[in-house]
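Read the structure below first, then the notes.
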Amino acid sequence: MTQIIIITIIVTIFIALGLGLWGMLRGGSAGSDKMFKSLVIRVVLSLFLFILVMFSAFMGWIEPNVVMMDASTL
């Protein structure tokens, strides 16, 4: 379930990035407002995503990949 939420947030961040691009291409006052709102959405979602990933790892809902390398394989 956590992975679905994380993927949804990442897709939403990309959509906000596209809306910011659209505002930049549009230009003017309306375009500037769209770019600003898009930036705010991206920053808030990115912070929420970071906190969610840290909390999920703390609770044990997700586990990081552990790669152990021998010195002989280098």
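Annotations
- Contacts under 8 angstrom Cβ, first residue in the range 36-56 being more than 15 Å from Leu21 (Cα to Cα), partner not in a helix (DSSP H, G or I), 6 or more apart: Val53/Ile62; Ser56/Ile62
- Test: residue in the range 35-44 that is assigned to a loop (DSSP other than H, G, I, E, B) and modelled with pLDDT under 90: no
The values are calculated or read from the model by the stated rules, or taken from the named source; none is laboratory data. These numbers come from a predicted model, not from an experiment. Positions of Cβ are generated from backbone atoms using ideal geometry, with glycine treated the same way; all protein chains shown enter the neighbour counts.
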